[in-house]
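A.B. asks: Submitted below is the structure of interest, expressed as structure tokens.
The values are calculated or read from the model by the stated rules, or taken from the named source; none is laboratory data. Since the model is a prediction, treat every value here as computed from it, not as a measurement. We place every Cβ from the backbone using ideal geometry, glycine too, and count neighbours over all the protein chains shown.
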Amino acid sequence: MRHTVWADERLAVADGAGGEKVTWVPRLKFKARIEPVSGREQLRGNQLLADTNTRITLRYSRAAAAIKPTWRLRHGAQIYNISAPPIEKNLGHAEIEILASSGLNDG
């Protein structure tokens, strides 16, 4: 586990004009293993878009187990949208696996 990853929580703040502004607040920093699983390309509005499904594995901790699917993960400039709740591998409190996607939006 050699990659430094941040988990950011999405917060919506009123903008004063009846709408809301989305901000991302860093909540957790951890070391992880990042493994691309699959990718695909789509043609939308005459524009070719690509995304990648990724498996991110980290050591178990209560904080890591509390990561929510509404959060996002960041590694450098790469943003990963969490696709499913974190899964505890082998139910032994050793590792947590998060399935995420990247490429089509910024979280």
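A.B. asks: Can you run down the residue pairs with Cβ atoms below 7 Å, 6 or more apart or on separate chains, where the first is in the stretch 44-56 and under 24 Å from Ala7 (Cβ atoms) and among the charged types (D, E, K, R) and the partner is surrounded by fewer than 16 Cβ atoms within 10 Å (Cβ to Cβ) and modelled with pLDDT under 65?
C.D. replies: Taking only residues 6 or more apart or on different chains, the pairs are Asp51/Leu104.
A.B. asks: Considering only the stretch 1-30, state which residues are among the hydrophobic types (A, V, I, L, M, F, W, C) and free of Cβ contacts under 8 Å to residues at least 40 places away in the same chain. Step through it out loud before you land on a result.
C.D. replies: Residues of the stretch 1-30 that are among the hydrophobic types (A, V, I, L, M, F, W, C), as a first pass: 1, 5-7, 11-14, 17, 22, 24-25, 28, 30.
Matches in the stretch 1-30: Leu11, Ala12, Val13, Ala14, Ala17, Val22, Val25, Leu28, Phe30.
A.B. asks: Report whether or not Asp106 is surrounded by 15 or more Cβ atoms within 10 Å (Cβ to Cβ) and either modelled with pLDDT under 85 or of a type in the set (Val, Ile, Thr) (or both). Before you say what the answer is, go through the steps one by one.
C.D. replies: Working: surrounded by 15 or more Cβ atoms within 10 Å (Cβ to Cβ): no; either modelled with pLDDT under 85 or of a type in the set (Val, Ile, Thr) (or both): yes.
Spelling it out, it is not the case that Asp106 is surrounded by 15 or more Cβ atoms within 10 Å (Cβ to Cβ) and either modelled with pLDDT under 85 or of a type in the set (Val, Ile, Thr) (or both).
A.B. asks: Something else now. Go through (1) surrounded by 12 or more Cβ atoms within 10 Å (Cβ to Cβ); (2) within 27 Å of Lys21 (Cα to Cα) one by one and return the number of the condition Ala77 breaks.
C.D. replies: The number of the failed condition is (1).
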